[in-house]
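K.L.:
Pasting in a structure now, in structure tokens, and then I'll have a few things to ask.
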């Protein structure tokens, strides 16, 4: 992952959707809450830009992986709250398995020694 000058890591292309699905799988969250949850569960290592987050939330909702409902945020503002759909849970499970398989392959490749 590319590292920024502030020490935070950029999100690998193609992983934002999986990170959003994971965050939303942990409980009902509004958009900014999704961003904060990803930062929290990454140990503050990953920073998601709002300009990337909101289009991804829209895309995931449009594809039927997450659902939204209007509610009130902790600061009394109207906000959309997101939750996983059944289709989203299935997608999250499948993507997690693919990611874990790929991570295992990368560990093997990067650990290879000259013969």
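K.L.:
Sorting 24, 107 on the 10 Å Cβ count, fewest up front, what's the list?
P.N.:
Final ranking by Cβ density, sparse to dense: 107, 24.
K.L.:
How far is helix 16-25 tilted off the main Cα axis of the chain, in degrees rounded to 10, range 0 to 90?
P.N.:
The two axes meet at around 60 degrees.
K.L.:
How much length would be gained if the chain were fully extended between residue 99 and residue 15, taking 0.36 nm per residue of separation minus their Cα-Cα distance, in nm to one decimal?
P.N.:
29.3 nm
K.L.:
Kindly provide the helix-only [θ] at 222 nm of the chain, computed as the sum of -39,500 (n - 2.57) over DSSP H runs of four or more divided by all residues, to the nearest 500 deg cm²/dmol?
P.N.:
Value at 222 nm, helices only, nearest 500: -16500 deg cm²/dmol.
K.L.:
Taking a quarter of the surface of the convex hull around the Cα atoms of segment 53-100, what do you get in nm²?
P.N.:
In nm², the orientation-averaged hull projection of segment 53-100 is 4.1.
K.L.:
Angle, helix 31-41 long axis vs. longest principal axis of the chain, Cα atoms, 0 to 90°, nearest 10?
P.N.:
40
K.L.:
Say we join alpha carbon atoms closer than 10 Å with springs in a Gaussian network model of the chain; which of 37, 89, 59 then has the biggest fluctuation?
P.N.:
Between 37, 89, 59, it is 59 that shows the largest mean-square fluctuation.
K.L.:
Of the listed peptides 25-33, 71-79, 44-52, what is their order by residue-averaged count of other C-beta atoms within 10 Å, with the highest listed first?
P.N.:
By packing density, highest mean first, the sequence is 25-33, 44-52, 71-79.
K.L.:
So for the chain, averaging the separation of alpha carbon pairs under 8 Å that are six or more residues apart and normalising by length, what relative contact order in percent results?
P.N.:
25
Only the coordinates and a few stated rules stand behind these numbers; no lab work does. Values in this document were obtained by computation on a predicted structure and should not be read as measured data. Cβ: placed from backbone, ideal geometry, glycine included. Neighbour counts: every protein chain shown.
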